[in-house]
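The values are calculated or read from the model by the stated rules, or taken from the named source; none is laboratory data. Predicted model only: the values in this text are computed from it and were never measured. Note that each Cβ is placed from the backbone with ideal geometry, even for glycine, and that neighbours are counted across all protein chains shown. The area values use the complete protein model at the heavy-atom level, side chains included, leaving out ligands, DNA and RNA. Shrake-Rupley method; radii C 1.70, N 1.55, O 1.52, S 1.80 Å.
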Amino acid sequence: MNSSLMAAPPPVPGARPYVTVVQYNCLAEGLSGDDAGFDSLPKDEMAWPKRGYELTREIIDADADVVCLQEVDHYHDTFRPALHAQGYDGIYREDEWSPCLKTTDGKLADGVAIFYKREKLELLGMHVPFTPRDVKEPPIEERRDAGKCLVARFRLRGPIDARRGPGWKDYTCAKQDFIVASLHLASAKNEDGVKRRESQALCAMKEILTFKAMSGAGREDRLAPIIVAGDLNAQPHEPAVEVFKKLGLMSCYLRHIRAEPLFTTWKIRSGPYKPGEAKMTIDYIFAQHSAFDVYDVLAMPRSDELGPKGLPCRGHPSDHLMLKASLEFVVPVGDP
């Protein structure tokens with residue numbers, strides 16, 4: 001497979017409705033400075049003016065309906081204006097305990113974001129679990145830690161020509177809602193980190209399901225299926241990944257190509273901050289298997305396409321790779 005952003009054409013209009021979703025950890029500026037130890041790109045290309053432009057261009061080229069991002073510390077001055085100009089609106093949750101605060105003398109804080117095409121989707125509501133937090137890492141037994149989590153409920157808009165005249169009633173009575181969560185879990189690669197991520201995943205799903213029930217105003221459960229996209233910092237065999245599968249979600253890549261990507265992050269770092277090589281699969285797009293069919297996924301690049309120093313590199317401006325999935329709703333809009 002090649003890494004082109006060109007995907008298969010969308011499903012036939014008038015058949016089943018569909019939504020395309022991007023997952024992308026953008027590598028915050030506050031985590032990519034000299035102390036971070038990245039030397040896979042020249043300094044001028046790692047600097048934010050250049051890298052921020054490349055990130056937004058890659059996201060815009062992907063042309064997804066929903067974009068879930070993590071490690072966003074330039075939401076207001078980079079991502080929002082660039083994507084808004086291309087037809088997106090967005091919501092954002094900044095982390096009050098962001099590690100970027102320390103590396104930038106309090107000038108930057110990263111968070112999670114969800115962007116959506118305003119012509120296709122209507123934002124019905126959002127939920128930011130456990131914000132603000134009194135401490136960075138609440139005790140696991142308290143079950144009040146969903147990681148960096150942002151949840152939104154959307155509705156598919158009708159075609160533009162159905163929003164005026166005779167089609168107005170059908171448009172305002174549209175029934176196809178769905179839930180999206182952008183998620184970033186704890187990063188420690190040790191036993192405590194594994195336990196915390198599992199606890200965060202359980203807590204996040206509880207919050208997502210509660211929000212779904214409370215935001216639905218009595219609408220039928222099947223009409224608001226769930227999509228979760230995020231950097232889980234958990235490899236496919238870890239309990240945190242199993243949490244979503246046990247609660248009825250499928251990994252879109254695993255379902256469509258019968259395997260997770262070989263890796264979604266690959267970094268080779270020197271210096272004081274996490275030196276060494278890390279190459280693993282920790283990013284995912286999950287979708288409720290009873291409500292969606294996976295129509296297509298974005299192919300991942302091979303190692304030899306990236307170069308010997310890993311990520312970021314030319315054409316891939318983050319230390320994570322972008323994921324994309326095209327999902328068809330199993331139950332068409334308006335069905336009884």
Among Lys102, Lys117, which is the only one that is basic (Lys, Arg) and in contact with an Asp or Glu (Cβ under 9 Å, 6 or more places away or on another chain)?
Lys117
Within segment 76-115, work out how many residues are among the basic types (Lys, Arg) and open to solvent by less than 10 Å² (accessible area, probe 1.4 Å).
1
Being under 23 Å from Leu156 (Cβ atoms), free of Cβ contacts under 8 Å to residues at least 60 places away in the same chain and in a strand (DSSP E or B), is that true of even one residue in segment 245-260?
yes
Between residues in segment 122-148 that are under 23 Å from Gly193 (Cβ atoms) and residues that are among the β-branched types (Val, Ile, Thr) and open to solvent by less than 90 Å² (accessible area, probe 1.4 Å), which pairs lie under 6 Å by C-beta distance while being six or more apart or on different chains?
Lys148/Val112
If you check every pair at least six apart or on different chains, which have Cβ atoms under 6 Å apart with a residue in segment 268-280 that is modelled with pLDDT under 90 first and a residue that is in a strand (DSSP E or B) second?
Pro275/Arg269
Could you check how many residues of segment 270-301 are among the hydroxyl-bearing types (Ser, Thr, Tyr) and in a strand (DSSP E or B)?
2
Take Ala299 and decide whether it is aliphatic (A, V, I, L, M), within 22 Å of Val67 (Cα to Cα) and surrounded by 18 or more Cβ atoms within 10 Å (Cβ to Cβ).
no
One residue is enough: does segment 188-211 have a residue meeting the conditions small (Gly, Ala, Ser), closer than 26 Å to Glu328 by Cα and open to solvent by 40 Å² or more (accessible area, probe 1.4 Å)?
no
Residue tally, condition assigned to a helix (DSSP H, G or I) and either farther than 24 Å from Asp134 by Cα or in contact with a Pro (Cβ under 6 Å, 6 or more places away or on another chain) (or both), over segment 76-112:
9
Which condition number in (1) part of a strand (DSSP E or B); (2) of a type in the set (D, E, K, R); (3) surrounded by fewer than 17 Cβ atoms within 10 Å (Cβ to Cβ) is the one that Lys267 fails?
(3)
Scan of segment 40-75 for residues that are surrounded by 20 or more Cβ atoms within 10 Å (Cβ to Cβ), outside any loop (DSSP other than H, G, I, E, B) and either among the aromatic types (Phe, Trp, Tyr) or within 15 Å of the chain's Cα centre (by Cα) (or both), ordered by number:
Leu55, Thr56, Ile59, Val66, Val67, Cys68, Leu69, Gln70, Glu71, Val72, Tyr75
